[in-house]
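Comments concern the structure below.
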Amino acid sequence: MRRGEILWCDLEPRRGHEQGEVRPVIIVSADAYNETRSPLVAIVPLTRAVAKNPLHIALSIDETGLESPSTALIDHARFVDRSRLRPEAAGRLIRSAQARVDRNLARVFGLAPGAA
């Protein structure tokens, strides 16, 4: 499991406004962390819906390798147990798309210079 890979993930049960169902997710935790014995991994869920929030990132099929365009729901980033993930990769982000995801993750977590 590598950062930038897209895997299918079972996000049920969900609460409130959380994303649910089985859907593709981007692995966003660092490879060094992913190689540890931690049972958790950080993910950003994807949806086919059009981006509705400035933090959401529209991704083309050329950027993901998926069968349809997707939107990365940056504000739904979270850690999940690895048992929720299917082992086979569904796709992978290209470098420029990963950079856009990283930029918005830094914004939402207040890690960007000048972020409050």
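The values are calculated or read from the model by the stated rules, or taken from the named source; none is laboratory data. Model, not experiment: these values are computed from the prediction. FYI the Cβ positions are ideal-geometry reconstructions off the backbone, even for glycines, and counts take in every protein chain you see.
Would you confirm whether or not the stretch 54-61 contains a residue that is over 15 Å from residue 101 (Cα atoms), buried (at least 19 other Cβ atoms within 10 Å of the Cβ) and at pLDDT 95 or above? The answer is no, given that none of the residues of the stretch 54-61 is over 15 Å from residue 101 (Cα atoms), buried (at least 19 other Cβ atoms within 10 Å of the Cβ) and at pLDDT 95 or above. For the stretch 19-53, the set of residues classified as free of Cβ contacts under 8 Å to residues at least 40 places away in the same chain, surrounded by fewer than 13 Cβ atoms within 10 Å (Cβ to Cβ) and touching a strand residue (DSSP E or B) at 6+ places or on another chain (Cβ under 7 Å) consists of 22, 48, 49, 50, listed by residue number.
Restricting attention to the stretch 62-74, the residues that are buried (at least 17 other Cβ atoms within 10 Å of the Cβ), part of a helix (DSSP H, G or I) and not β-branched (Val, Ile, Thr) add up to 1.
Residues considered: 20, 16. Of these, the only one that is on the phi > 0 side of the Ramachandran plot and part of a loop (DSSP other than H, G, I, E, B) is 16.
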